[in-house]
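*Asks:* This structure is in structure tokens; I'll ask about it shortly.
The values are calculated or read from the model by the stated rules, or taken from the named source; none is laboratory data. All figures in this text were calculated on a predicted structure; none of them were measured in a lab. Quick reminder, even Gly has a Cβ in these numbers, built from the backbone with ideal geometry, and neighbours come from all protein chains shown.
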Amino acid sequence: MLSCSSSKAVFVNGIREIIKDVNYDITLLDWLRNNLQITGTKEGCAEGDCGACSVLINEGKNFAPKPVNSCLLRLGQVIGKNIITIEGIGTTENPHPLQIAFSKQNASQCGYCTPGFIVSAFALLNSNKKINNKTIHDTFSGNLCRCTGYSPIVRAVKSTTKKSFKNNYKFFDEEIKNIKLGNVTYYNPKSLSELKNLTKSKNFKFLAGGTDLNLQRPVISENENILILLNSIEELKKIKFYENKILLGSLVSIENLLELIEGKMPEMTEVLQRFGSPQIRNQATIGGNLCTSSPIGDLAPIFLVLNANLNIFGKNGFETILLKDFFIDYRKNILKEDQILVSIEIPILEKANKLFFWKLSKRFDQDISTISLAINIRTQNQIVEDLCIAVGGVAAVPKILEKLSKRMIGKRISKAIDIAVNEVENYVNPISDLRGTADYRIMSLKGLFNRLEHCLNGNKKNISIMEF
């Protein structure tokens, strides 16, 4: 067992705050409020939905603060990192222009949600994004206001220009190796070889973003737990372009993936924006979304129809498998305890092929899917020449409808769609749950196939769910 570092501190609003009197692993939110008495950051849902707990994290020397949900971050994940709370943006004595704008535009009523909105807007104004209705809508997709209404909030942001304030924040960089907080020990390997040595321990788990795992965690456990943080392994963050494929490290965040494909792959842009709010997207990783092995994971259907490969590493070295062979049962995959997903290889879409992806959920933003449908198709002269269909939310795992795809190949588009609509229930067996009944899921799939025909025959763009 490796020894633990004695340096336990987080930089909060430019001040190095020593972690003390912490007898067990807690969230960043609880530490800020209960230990530091920094109470501007609020607790609402404690599940990453409402945005009341939003703070900024700055992990690079270039000032690029990213909003995250402090309720979904363990304290051990941010040791040595730079955190900015609402108090670091502006105070009563020295308010930030955003705070002044919120007051002038009557954008705050009870005020409970306001710190989170300010944090999100501050990140937008410090980004390279344009300030318009689209970017503001996306910025606030993870912030919930129940009393003021969003119109004055949007006006407040639009009235605050990017040039109205300066960056006075310093970047601190403190290398952290191994930390113990109560009964939880964090290891922070810098390479895959170092990681390999750590997996000889017992009772360990890998942790990257934690937007899913941290929701499931017990705050106090009778047994000592070991968490191996993956975020310092640079190999897991690589993005490489080859002639016929793209390699994405498993630790590439959903937000970074969105920035990478925006304007290049419009078929994926909307679904990545709807994956979650910026707070979630900044924290969640590609690898984490696949490794949770949820049947409603947003990325799996797209990567399945693109015939993606997974590169896996463990004590026995590297191996490569097809994504379609990765999932084995509900929330289960083939990874052994000592193995991690290193990268995903995605073949570049053939020019003659078209990619479609639709996700249906109860809400447009910030919601898990009821069903999803991904289609990689090539047609010529109204004939389906090549086709791969993948679905989520209709089985224990995301799955390719290989037999249905083969039935449709070689048919005219209208005939192929008729086959899909009339026979889809022969290939899927959805359940009924709180998100939708089995019948709803079947009927929705049929509707999506009709939408596919509309898009193929109408020579129109991939229709958004908000436009159909």
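*Asks:* I need the helices (runs of 4 or more DSSP H) fully contained in region 260-329, keeping only those with at least 2 residues that are at negative phi and in contact with a Ser or Thr (Cβ under 7 Å, 6 or more places away or on another chain). Step through it out loud before you land on a result.
*Replies:* Working: elements: 266-274, 278-283, 286-291, 299-305.
The qualifying helices (runs of 4 or more DSSP H) are 278-283, 286-291.
*Asks:* Output the residues belonging to region 354-384 that are among the polar types (S, T, N, Q), more than 30 Å from Phe318 (Cα to Cα) and crowded, with 18+ Cβ neighbours inside 10 Å. Let's see the steps before the verdict.
*Replies:* Filtering region 354-384 for residues among the polar types (S, T, N, Q) gives 361, 366, 369-370, 372, 376, 379-382.
Next, from what is left, pick out any that are more than 30 Å from Phe318 (Cα to Cα): 361, 366, 369-370, 372, 379-382.
Matches in region 354-384: Ser361, Gln366, Ser369, Thr370, Ser372, Thr379.
*Asks:* Ok, one more. Could you list all residues from region 201-218 that are more than 21 Å from Glu47 (Cα to Cα) and either touching a residue at least 60 places away in the same chain (Cβ under 8 Å) or surrounded by 17 or more Cβ atoms within 10 Å (Cβ to Cβ) (or both)?
*Replies:* Just the residues of region 201-218 that are more than 21 Å from Glu47 (Cα to Cα), to begin with: 201-204.
Result: Ser201, Phe204.
*Asks:* Determine which member of the set Glu345, Glu350, Glu337, Glu319 is more than 25 Å from Gly48 (Cα to Cα), of a type in the set (Asp, Glu) and within 22 Å of the chain's Cα centre (by Cα). Walk me through how you get there before you give the answer.
*Replies:* Details: Glu350 fails: within 22 Å of the chain's Cα centre (by Cα); Glu337 fails: within 22 Å of the chain's Cα centre (by Cα); Glu319 fails: within 22 Å of the chain's Cα centre (by Cα).
Glu345 is the lone residue from the list that is more than 25 Å from Gly48 (Cα to Cα), of a type in the set (Asp, Glu) and within 22 Å of the chain's Cα centre (by Cα).
*Asks:* Give the residues of region 95-114 that are among the polar types (S, T, N, Q) and either outside the structural domain of Arg155 (by TED's automatic domain parsing) or in a helix (DSSP H, G or I) (or both), sorted by residue number. Even if it seems obvious, please write down each step before you answer.
*Replies:* The initial filter retains those residues of region 95-114 that are among the polar types (S, T, N, Q), namely 99, 103, 105-106, 108-109, 114.
Across region 95-114, the qualifying residues are Gln99, Ser103, Thr114.
*Asks:* If I ask for residues that are within 16 Å of Ala416 (Cβ to Cβ) and within 19 Å of the chain's Cα centre (by Cα), which ones from region 353-372 would you list? Steps first, answer last, please.
*Replies:* The first filter runs over region 353-372 and keeps only residues within 16 Å of Ala416 (Cβ to Cβ), leaving 353-354, 356.
None; the set is empty.
*Asks:* Quick check on Asn457: is it touching a residue at least 24 places away in the same chain (Cβ under 8 Å), touching a Cys at 6+ places or on another chain (Cβ under 7 Å) and either in the same structural domain as Gly142 (by TED's automatic domain parsing) or surrounded by 13 or more Cβ atoms within 10 Å (Cβ to Cβ) (or both)? Quick ask: steps written out before the conclusion?
*Replies:* Details: touching a residue at least 24 places away in the same chain (Cβ under 8 Å): yes; touching a Cys at 6+ places or on another chain (Cβ under 7 Å): no; either in the same structural domain as Gly142 (by TED's automatic domain parsing) or surrounded by 13 or more Cβ atoms within 10 Å (Cβ to Cβ) (or both): yes.
In short, no.
*Asks:* Something else about it: Look at Asp418 and say whether it is over 29 Å from the mean Cα position of the chain (by Cα) and of a type in the set (Asp, Glu).
*Replies:* Values: over 29 Å from the mean Cα position of the chain (by Cα): yes; of a type in the set (Asp, Glu): yes.
In short, yes.
*Asks:* A further question on this structure: At pLDDT 95 or above and within 14 Å of Gly288 (Cβ to Cβ): is that true of Ile340 in this structure?
*Replies:* yes
*Asks:* If you don't mind, another one. So Gly80 clears everything in (1) surrounded by fewer than 21 Cβ atoms within 10 Å (Cβ to Cβ); (2) in the same structural domain as Thr148 (by TED's automatic domain parsing) except one condition, right? Which one?
*Replies:* Single failed check for Gly80: (2).
*Asks:* Report yes if Ser120 is of a type outside the set (D, E, K, R) and free of Cβ contacts under 8 Å to residues at least 60 places away in the same chain, otherwise no. Before the answer, list the steps.
*Replies:* On the way: of a type outside the set (D, E, K, R): yes; free of Cβ contacts under 8 Å to residues at least 60 places away in the same chain: no.
So Ser120 does not fit the description; no.
*Asks:* Can you tell me which of (1) assigned by TED's automatic domain parsing to the domain that holds Leu181; (2) not in a loop (DSSP other than H, G, I, E, B) is the one Gly210 doesn't meet?
*Replies:* (2)
*Asks:* Please work out which one of (1) farther than 23 Å from Thr379 by Cα; (2) among the aliphatic types (A, V, I, L, M); (3) surrounded by fewer than 17 Cβ atoms within 10 Å (Cβ to Cβ); (4) touching a strand residue (DSSP E or B) at 6+ places or on another chain (Cβ under 6 Å) is the condition Leu323 fails and give its number.
*Replies:* Just one mismatch for Leu323, condition (3).
*Asks:* So if I check each of Ser361, Ser343, Ser369, Ser405, which one is touching a residue at least 24 places away in the same chain (Cβ under 8 Å), farther than 17 Å from Ile296 by Cα and either touching a Gly at 6+ places or on another chain (Cβ under 7 Å) or of a type in the set (Gly, Ala, Ser) (or both)? Break it down into steps so the answer makes sense when it comes.
*Replies:* Numbers: Ser361 fails: farther than 17 Å from Ile296 by Cα; Ser369 fails: farther than 17 Å from Ile296 by Cα; Ser405 fails: touching a residue at least 24 places away in the same chain (Cβ under 8 Å).
That would be Ser343, the only listed residue that is touching a residue at least 24 places away in the same chain (Cβ under 8 Å), farther than 17 Å from Ile296 by Cα and either touching a Gly at 6+ places or on another chain (Cβ under 7 Å) or of a type in the set (Gly, Ala, Ser) (or both).
*Asks:* Is it the case, given these coordinates, that Phe122 is surrounded by 20 or more Cβ atoms within 10 Å (Cβ to Cβ) and farther than 16 Å from Pro278 by Cα? Spell out the reasoning first.
*Replies:* Working: surrounded by 20 or more Cβ atoms within 10 Å (Cβ to Cβ): yes; farther than 16 Å from Pro278 by Cα: no.
So Phe122 fails the test.
*Asks:* Okay, moving on. Six or more apart or on different chains, Cβ under 6 Å: which pairs go from a residue in region 326-338 that's closer than 17 Å to Val394 by Cα to one that's of a type in the set (Asp, Glu) and at pLDDT below 95? Could you list them?
*Replies:* Matching pairs, first to second residue: none at all.
*Asks:* What's the number of the condition Pro67 fails, among (1) in contact (Cβ under 8 Å) with a residue 12 or more places away in the chain; (2) over 18 Å from Thr285 (Cβ atoms)?
*Replies:* (2)
*Asks:* Looking for something assigned to a loop (DSSP other than H, G, I, E, B), outside the structural domain of Leu73 (by TED's automatic domain parsing) and either closer than 20 Å to Arg363 by Cα or aromatic (Phe, Trp, Tyr) (or both) - is there at least one such residue anywhere in region 330-348?
*Replies:* yes
Here is a yes/no grid of residues against (1) of a type in the set (A, V, I, L, M, F, W, C); (2) touching a Gly at 6+ places or on another chain (Cβ under 9 Å):
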| residue | (1), (2) |
| --- | --- |
| Cys113 | yes, yes |
| Val119 | yes, yes |
| Ala123 | yes, no |
| Ile131 | yes, no |
| Asp138 | no, no |
| Ser141 | no, yes |
| Pro152 | no, no |
| Lys158 | no, no |
| Glu174 | no, yes |
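*Asks:* Looking at region 405-441, which of its residues are surrounded by 20 or more Cβ atoms within 10 Å (Cβ to Cβ) and in contact with an Asp or Glu (Cβ under 7 Å, 6 or more places away or on another chain)?
*Replies:* If the condition is that a residue be surrounded by 20 or more Cβ atoms within 10 Å (Cβ to Cβ) and in contact with an Asp or Glu (Cβ under 7 Å, 6 or more places away or on another chain), then Ile417 is the only one that fits.
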